[in-house]
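Worksheet: one structure, shown below.
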Amino acid sequence: MYTNQRSKTGLLLATVALVQFMVSLDLSVVNVALPSIAAELGFDPVGVTWVIHAYALPFGGLLLLGGKAADRLGRRRLLLAGLALFGLASFLGGLAQDPAQLVAARAAQGVGAAALAPAALAMLTAAFPGGRERVKAFGVWSAMNAAGGALGVLIGGVLTEFAGWQWVMFVNVPIALAALALTARGIAPDAPARPQGRPDVLGAVLATAGMTFLVFGIIRAEQRGWTAPPTLAVLVAAAVLLAAFAAVERTTRRDPLVRPGLLANRSVAAANAYNLLLGGAMASAFYFVSLYAQRVLGTGPALTGLQFLPLALGVIAGSVVAVKLGYRMAARTLLTGGGLLTAAGFAWFAMISPDGRFLTDVLGPAIVLGVGFGVCLGPLVATATAGVAPAETGTASALLNSSRQIGAAIGLAALGTAAHHRSGPRPDPASLTDGYALGLWLGAAVFGTAALIAFAVLPKSDKP
């Protein structure tokens, strides 16, 4: 009986890890292919960014609704639906013949990801409620999460250069099919949580609209500036909608989308604040280092992707360290130490020079940053879902995914704007390097702030 139970939880862990690898891979694999996509499908320089934004809008906007649906309808059911939609959209995206078709496929991918990401993480949380097995499970999850993001740059570069941009979409199809097969054949259906009333339709509409407007406002800020009237109008609308959502959740007699008491949980609140900052800093790191390699050092797409491999290996090593230390140390200690180590990696990266080389300007800081990031991930996810009622694990997982997604959008827009302003309108390699260095210094400050939050807010004795 014990062996059979371990086999079932092992299969579930493998499935969830594969799902998270696919989601993380998709967030980075497309970036390297954007110039090829623009040239072949006829995107203009601004329009091609919607290959990224069309995914981010529904993913960020629908995550809370996806998490609640996982709790009410069943996590396995929603995971299967999300995987099917994600795989189909990836296949159709690879067949796209014009910009509209590709943007539509990317939007469908975002909807699928908003369903499967919180469902998969909620399944993991329920299967490993505590102890050594929980530490190990979240270590595996975090390694696959970060490895997917880092390897996505490598895989995207190689596929774009040697097979064509279409394969950055097609690559998701076999992964989605494998995850579907594992889920359908090896994971038993779970019983949906007993509803505490009728669905909170108004709250769902306000949250989805507010999150969508927020992501769209950040996109507009990146393209037109933070003080442009259209940007301000969208951000104000987002603030009004989210404020109305908070008011509805406090007063509704229906089953709320997000119970207000959930965010009153000290660990949940601190973990999501940490995750917001982590998302902003790490998205910027991939962006600045990739541009530095290609625009300053003159590295091609495939080789640029290969140069991210040490960072991916560092993340995996950091995740192993977190598992080893997680048996004895509190999450507060790991998140503080890992955050400071990651900040040090950012600071080292910020010392790049216009005539730099991979061995002197990229390799060392990539390893330090990767190890620090890997140390953070497992304890962060475990903390964000610790002590949460079984009926709310989907919601808690969606909150964590939302904070990462919103943080990445805000961080990339804000730090990218600062870097581009420093580089100037007609940048040369020296001014480009100066701008990227500023962005990386700001990333170090952001991660230092995250470490301070972990140290000041999280309890001293709780284990991940």
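Structure summary
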item: Rounded to 10°, Cα long-axis angle of helix 363-385 versus longest principal axis of the chain; result: 20 degrees
item: Length gained when the stretch Tyr327-Asp98 is fully extended (0.36 nm per residue, less Cα-Cα span); result: 77.2 nm
item: Gyration tensor (alpha-carbon) shape descriptor, region 197-254, a/c threshold 1.5; result: prolate
item: Linear extension gain, Thr9 paired with Leu359, 0.36 nm per residue minus alpha-carbon span; result: 121.8 nm
item: Leu73-Leu309 pseudo-label distance in nm [points 7 Å out on the Cα-to-Cβ vector]; result: 4.1 nm
item: Of the trypsin sites (Lys or Arg not before Pro) in region 331-415, those whose Cβ has at most 13 other Cβ within 10 Å and which sit in DSSP loop; result: Arg357
item: P(r) tail fraction, the chain - alpha-carbon pairs more than 43 Å apart, %; result: 8 percent
item: Efficiency of FRET between Asp428 and Thr251 - r from beta-carbon atoms, R0 60 angstrom, step 0.05; result: 0.55
item: Over the chain: helical MRE at 222 nm, DSSP H runs n ≥ 4 each giving -39500 (n - 2.57), nearest 500; result: -27000 deg cm²/dmol
item: Pairwise Lys count, the chain - Cα closer than 20 Å, eight or more residues apart or different chains; result: 5
item: For region 106-197, the Rg and Dmax computed from alpha carbons only, in angstrom; result: 16.5, 54
item: Gyration tensor (Cα) of region 338-464, equivalent ellipsoid semi-axes in angstrom; result: 33, 17, 11
item: Residues Ala181 and Ala389, FRET efficiency given R0 of 30 Å [Cβ-Cβ distance, rounded to 0.05]; result: 0.45
item: Nearest-20 debye value, the chain charge dipole, Cβ charges on Lys, Arg, Asp, Glu; result: 1620 debye
item: With Cα atoms, 0 to 90° folded angle of helix 393-423 axis to the chain main axis; result: 10 degrees
item: Rounded tilt (10° steps) of 75-94 against the dominant C-alpha axis of the chain; result: 30 degrees
item: Fewest-first sequence of Asp355, Asp361, Asp71 by Cβ atoms within 10 Å of each Cβ; result: Asp355, Asp361, Asp71
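No value in this document is a laboratory result; all are computed from the given coordinates. Note that the structure is predicted; figures quoted are calculated from it, not measured. Neighbour counts are summed over all protein chains in view; Cβ atoms, including those assigned to glycine, are modelled from backbone coordinates with ideal geometry.
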